[in-house]
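Contents: one structure, followed by commentary.
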Amino acid sequence: MFDQLSDRLQKVTKFLRGEGKITEKNMGEALRMIRMAFLEADVNYKVVKDFEARIKAKALDQAVLDSLTPGQQVIKIVRDELVRILGVSDKPLTFSGTPPSIFMLVGLQGSGKTTTTGKLAKWARGRGKNPLLVSFDLKRAAAQDQLRMIAASLGLPFYPMTAEVMARPEEALRELLKSARNRGYDLLLVDTAGRLHVDDELMDELAMVKSILDPVEVIYVGDAMTGQDAVKSAQAFAERIGVTSIVLTKLDGDARGGAALSIVAVTGKPIAFVGVGEKLDKLEVFHPDRMASRILGMGDILSLIEKAEQEADVQDSEELARKIRRQEFTFEDFRKQLGQIRKMGSLSGLMSHLPNVGPFKGLSSAEVDDRKLVHFEAIINSMTPAERLDPKIIDGSRRKRIARGSGRPVHEVNQLLKQFQEMRSMMKKSIFQKMMSSFGK
Ligand SMILES: Nc1nc2c(ncn2[C@@H]2O[C@H](COP(=O)(O)OP(=O)(O)O)[C@@H](O)[C@H]2O)c(=O)[nH]1
Ligand SMILES: [Mg+2]
């Protein structure tokens with residue numbers, strides 16, 4: 001996602017870094033590059049204009065011009081402005097004080113509502129919630145079945161609805177809430193019907209469902225691939241029904257990012273999550289600051305770590321963090337981590353999260369060989385427990401023995417030992433922090 005925009009903004013970054021002084025002229029050129037990058041990414045025209053004006057005003061400030069690194073200062077301004085238009089604060093969804101919390105998902109047909117209902121259920125369960133899935137998409141029997149199957153695949157309960165509830169909505173809702181409370185469900189995830197286009201009948205139906213459910217969150221689900229159309233329909237849903245949060249889906253596709261960069265400015269509502277795949281674990285909490293860094297090619301190591309933590313046992317990852325802090329990270333832990341990475345899918349898939357700087361520079365996903373991890377595991381498996389805890393004792397003859405045991409060449413054993421040392425020292429300080437501090441200076 002955002003590949004093209006990233007490429008172009010990185011060119012601006014390079015250009016500015018190369019300029020010793022910021023002048024009206026080179027700033028004009030940088031702004032032109034930024035404007036083109038945004039317009040090509042399908043960002044709303046008004047948003048682009050506002051963005052450009054704000055950057056210009058801040059960049060031509062005397063303090064920036066006089067600073068030792070004006071190029072970097074301007075890049076920081078661009079980053080801060082990106083964060084601002086992506087939405088200032090992280091906004092996780094709100095749960096209501098008295099359970100059950102009700103989340104209602106709305107959006108056009110095919111935007112990903114039903115899939116996102118399942119994704120949110122999985123996310124909420126991971127946070128200790130006990131969700132119940134309900135679909136108010138009543139006209140099509142297939143809609144009920146689709147959500148029922150998603151619920152079943154997650155091992156979560158599904159509450160069936162029929163079109164008759166619309167004849168007696170209050171009563172049906174009372175039954176639903178009573179059933180949820182009695183069975184201890186503290187979160188109702190309510191999927192709704194969509195249409196290909198915004199139409200009055202749908203809006204009236206959704207407004208009615210909303211009035212009886214009184215949801216704490218009305219989540220607009222928009223397909224990022226549709227660009228400005230998603231922004232327009234978000235605006236219509238926000239005006240007609242009232243929306244509290246946004247989930248943008250299909251950011252794994254070749255969406256140019258324009259929707260993400262315009263939707264907050266146009267609706268005034270925050271993006272809570274983004275969908276990055278069809279599977280139910282392909283949901284990421286949206287962090288404007290991290291996304292801005294990612295767009296500027298600074299990578300997104302925090303999201304990567306978060307992903308690892310989600311997969312890992314919470315206790316495990318807390319212990320890991322403690323070990324890293326105390327520099328007690330051993331091969332035994334590393335082996336566990338390799339297992340986790342395997343659980344998360346392929347390493348090459350993870351590479352897209354890494355910044356193209358420092359130890360990751362030039363490392364494209366094509367060059368990351370997933371088989372390497374398997375080889376690493378084989379090598380670690382051939383170490384004795386004592387060696388895993390204290391790799392310093394692994395001398396020449398031990399290296400040979402490990403190589404024989406694992407069926408890998410000695411130079412690979414050497415390489416792993418060296419990389420492990422490097423990793424340990426790298427972990428002392430989070431890579432992200434390092435990057436940010438060098439950037440922000
Ligand atoms: N690649 C990708 N596909 C998605 C994502 N979210 C949903 N989809 C797909 O989009 C299609 C429509 O999704 P669905 O949930 O049925 O949309 P609804 O009509 O709004 O309920 C399905 O094929 C989903 O698998 C996403 O984040 N990434
Ligand atoms: Mg649906």
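The values are calculated or read from the model by the stated rules, or taken from the named source; none is laboratory data. This one's a predicted model, so the numbers in the text were calculated from it and none came from an experiment. Neighbour counts are summed over all protein chains in view; Cβ atoms, including those assigned to glycine, are modelled from backbone coordinates with ideal geometry.
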Output the number of the condition that GLN62 fails; it satisfies all remaining conditions of (1) surrounded by 23 or more Cβ atoms within 10 Å (Cβ to Cβ); (2) more than 18 Å from the chain's Cα centre (by Cα). (1)
Residue that is nearest to ligand 1 (Cβ to nearest atom), among those in region 128-144 that are in a helix (DSSP H, G or I) and more than 19 Å from SER179 (Cβ to Cβ): ALA143
THR244 fails exactly one of the following numbered conditions: (1) surrounded by 16 or more Cβ atoms within 10 Å (Cβ to Cβ); (2) away from ligand 1 (no atom under 16 Å from the Cβ); (3) free of Cβ contacts under 8 Å to residues at least 24 places away in the same chain. What is the number of that condition? (3)
What about GLY194, is it away from ligand 2 (no atom under 16 Å from the Cβ) and part of a loop (DSSP other than H, G, I, E, B)? no
Meets criteria (buried (at least 16 other Cβ atoms within 10 Å of the Cβ), over 27 Å from the mean Cα position of the chain (by Cα) and of a type in the set (S, T, N, Q)) for ASN26: yes
All but one of (1) over 26 Å from the mean Cα position of the chain (by Cα); (2) more than 16 Å from ligand 1 (Cβ to nearest atom) hold for ARG125; state the number of the condition that does not hold. (1)
Residues in region 168-191: is at least one within 16 Å of ligand 1 (Cβ to nearest atom) and part of a loop (DSSP other than H, G, I, E, B)? no
Taking GLY257, is it within 16 Å of ligand 1 (Cβ to nearest atom) and modelled with pLDDT under 90? yes
Regarding region 17-30, can at least one residue be identified that is closer than 29 Å to ASP254 by Cβ and without any contact (Cβ under 8 Å) to a residue 24 or more places away in the chain? yes
Residue pairs meeting the criteria (Cβ under 7 Å; at least 6 apart or on separate chains; first in contact (Cβ under 8 Å) with a residue 40 or more places away in the chain, in region 108-121; second near ligand 1 (Cβ under 8 Å from one of its atoms) and among the β-branched types (Val, Ile, Thr)): SER111/VAL221; SER111/THR249; GLY112/VAL221; GLY112/THR249; LYS113/VAL221; THR116/VAL221; THR116/THR249
Inside region 380-402, the number of residues satisfying the requirement of being part of a helix (DSSP H, G or I) and either in contact with a Phe, Trp or Tyr (Cβ under 9 Å, 6 or more places away or on another chain) or more than 18 Å from PHE334 (Cβ to Cβ) (or both) is 9
Of all residues in region 99-113 being within 13 Å of ligand 1 (Cβ to nearest atom) and more than 15 Å from LEU206 (Cα to Cα), which is surrounded by the most Cβ atoms within 10 Å (Cβ to Cβ)? SER111
Checking LEU120 against (1) within 12 Å of ligand 2 (Cβ to nearest atom); (2) assigned to a helix (DSSP H, G or I), the condition it does not meet: (1)
Check SER153, SER96 and return the single one that is part of a helix (DSSP H, G or I) and either away from ligand 2 (no atom under 16 Å from the Cβ) or surrounded by fewer than 22 Cβ atoms within 10 Å (Cβ to Cβ) (or both). SER153
Determine the pairs where a residue that is among the small types (Gly, Ala, Ser), located within region 196-215, has a partner that is modelled with pLDDT of 90 or more with Cβ atoms under 6 Å apart, the partner being 6 or more residues away or on another chain. ALA207/ILE241
